[in-house]
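Report on the structure given below.
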Amino acid sequence: MSQIDQAVAIRKGEELDVAAVDRFMKQALPELTGEPVIRQYPGGASNLTYQVDYGDSAYVLRRPPFGKIAKSAHDMLREARVMEALKPVYPYVPDIVAICDDHEVLGCDFYVMQRLKGVILRQDFPADLALNEADTRKLCLNVIDKLVELHQVDARATGLDRLGKGAGYVQRQIGGWSERFRKARTDDVGDFEAVMAWLQDKMPDDIGQCVIHNDYRFDNVVLNPDNPFEVIGVLDWEMATIGDPLMDLGNSLAYWIQADDDPGMQMLRRQPTHQPGMLSREEVVAYYLDRAGLSIDSFDFYEVYGLFRLAVIIQQIYYRYYHGQTADKRFAAFGQAANYLQQRCQRLIQASKL
């Protein structure tokens, strides 16, 4: 059995009102008894995730970050409702237990879901997960397959098609993320204007419309502890919507750090995609296109878009740190990370034949 992902002590300043959580949980689940034990999952730089234990019964509570947040960001109610709609046709979604829109409880919207007891791969393999190169490749392909499977979900059957705004998804993303960056820029970070202009100029038409996750990574995938090749859960549906599948793949590849990437890219690594047996980014694209039955001349646009979007997300978090809206020291170097991503985007643009 591989090491199961565990919650830890709550970070200072991110504590929950235990009595309020207890009252809410017992209203939703009257069979609960005793006092809850609440801990926090250490991963993630966006929404906050806690484990709420009542004896042997374990639940996961998701809430927005503390402090001032961007309008329309961190929509917990939307995330929970997307999960409820998707669960019947995509079984890797955790069950929603309860949703709260009463700010008298915790001062924000939040929801509680089933805890999936499993392995989550973060920066490196757990010490007790000894995979050879062939096994690592098998795991890698299985994780990509679940993204392909998501993109093949019938959105109309779930009712999620109403999330989409129709054709023009690519154009909306470039315009939207460019606007977000300009609003979140700080004096110590580059302007990304050349990158944004290139993306605007090279935009392809949408290749299709489907349910997309928008943050599909190894640390949002839960593996069976008794069979680490088996994906039993996919987490973090905050940004799920109807959109272009190749934009979704570009988002995922922004986090896909290879063993031969430069030191700047290695500093950003948060998942074990550098391990022997993991596909390269080029191999991921080829495998995905084959499994999805798609064909394109170049993936350059989507790769640059994914890195630019990641830079905007990082910059939005850094903006909060820079202006004293959060004191979380994890975010202190995010401005440097955004600057690195601008340089990487510019190098890819210079090498592109688009």
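The values are calculated or read from the model by the stated rules, or taken from the named source; none is laboratory data. All of these numbers come straight from a predicted model, not from anything done at the bench. Cβ placement follows ideal geometry from the backbone for every residue including glycine, while neighbour counts extend to all protein chains displayed.
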Some residue of the stretch 123-133 being at pLDDT below 95 and under 17 Å from the mean Cα position of the chain (by Cα): yes
Tally, over the stretch 1-22, of residues that are part of a helix (DSSP H, G or I) and in contact (Cβ under 8 Å) with a residue 12 or more places away in the chain: 4
Residue check for C108: touching a Phe, Trp or Tyr at 6+ places or on another chain (Cβ under 7 Å) and among the hydrophobic types (A, V, I, L, M, F, W, C): no
Number of the exception - L235 against (1) more than 25 Å from L129 (Cβ to Cβ); (2) touching a residue at least 60 places away in the same chain (Cβ under 8 Å): (1)
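Within the group Q271, Q325, Q342, which residue is in contact with a helix residue (DSSP H, G or I) (Cβ under 9 Å, 6 or more places away or on another chain), within 20 Å of W177 (Cα to Cα) and of a type in the set (S, T, N, Q)? Can you show your working first?
On the way: Q271 fails: within 20 Å of W177 (Cα to Cα); Q325 fails: within 20 Å of W177 (Cα to Cα).
Result: Q342 is the single residue among Q271, Q325, Q342 that is in contact with a helix residue (DSSP H, G or I) (Cβ under 9 Å, 6 or more places away or on another chain), within 20 Å of W177 (Cα to Cα) and of a type in the set (S, T, N, Q).
I'm trying to understand the selection: among the residues of the stretch 156-182, which are basic (K, R) and either surrounded by 12 or more Cβ atoms within 10 Å (Cβ to Cβ) or not in a helix (DSSP H, G or I) (or both)?
Going residue by residue through the stretch 156-182, those that are basic (K, R) are 156, 162, 165, 172, 180, 182.
Scanning the stretch 156-182 gives K165, R172, R180, R182.
In this structure, is Y321 closer than 30 Å to L141 by Cβ and in the same structural domain as K138 (by TED's automatic domain parsing)? Full working, then the answer.
On the way: closer than 30 Å to L141 by Cβ: no; in the same structural domain as K138 (by TED's automatic domain parsing): yes.
No; evaluated as a whole, the condition is false for this residue.
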Tally, over the stretch 106-127, of residues that are surrounded by fewer than 21 Cβ atoms within 10 Å (Cβ to Cβ), touching an Asp or Glu at 6+ places or on another chain (Cβ under 8 Å) and under 24 Å from P30 (Cα atoms): 2
Filter result for Q152 (in contact with a helix residue (DSSP H, G or I) (Cβ under 9 Å, 6 or more places away or on another chain) and of a type in the set (S, T, N, Q)): yes
Checking D95 against (1) in contact with a Lys or Arg (Cβ under 9 Å, 6 or more places away or on another chain); (2) surrounded by 15 or more Cβ atoms within 10 Å (Cβ to Cβ), the condition it does not meet: (2)
Wholly enclosed helices (runs of 4 or more DSSP H) of the stretch 37-154 bearing at least 2 residues free of Cβ contacts under 8 Å to residues at least 40 places away in the same chain: 76-86, 103-106
Helices (runs of 4 or more DSSP H) wholly inside the stretch 215-315 that include at least 3 residues being among the basic types (K, R) and surrounded by fewer than 17 Cβ atoms within 10 Å (Cβ to Cβ): none
Residue match in the stretch 174-184 (condition: touching a strand residue (DSSP E or B) at 6+ places or on another chain (Cβ under 9 Å), at negative phi and in the same structural domain as I296 (by TED's automatic domain parsing)): no
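Looking for whichever is closer than 20 Å to M247 by Cβ and in contact (Cβ under 8 Å) with a residue 60 or more places away in the chain here; the options are Y288, Y302. Which one fits? Before the answer, list the steps.
Values: Y302 fails: in contact (Cβ under 8 Å) with a residue 60 or more places away in the chain.
None of the others qualify; the one that does is Y288.
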Selection count, the stretch 169-183, where residues are more than 20 Å from the chain's Cα centre (by Cα) and of a type outside the set (K, R): 3
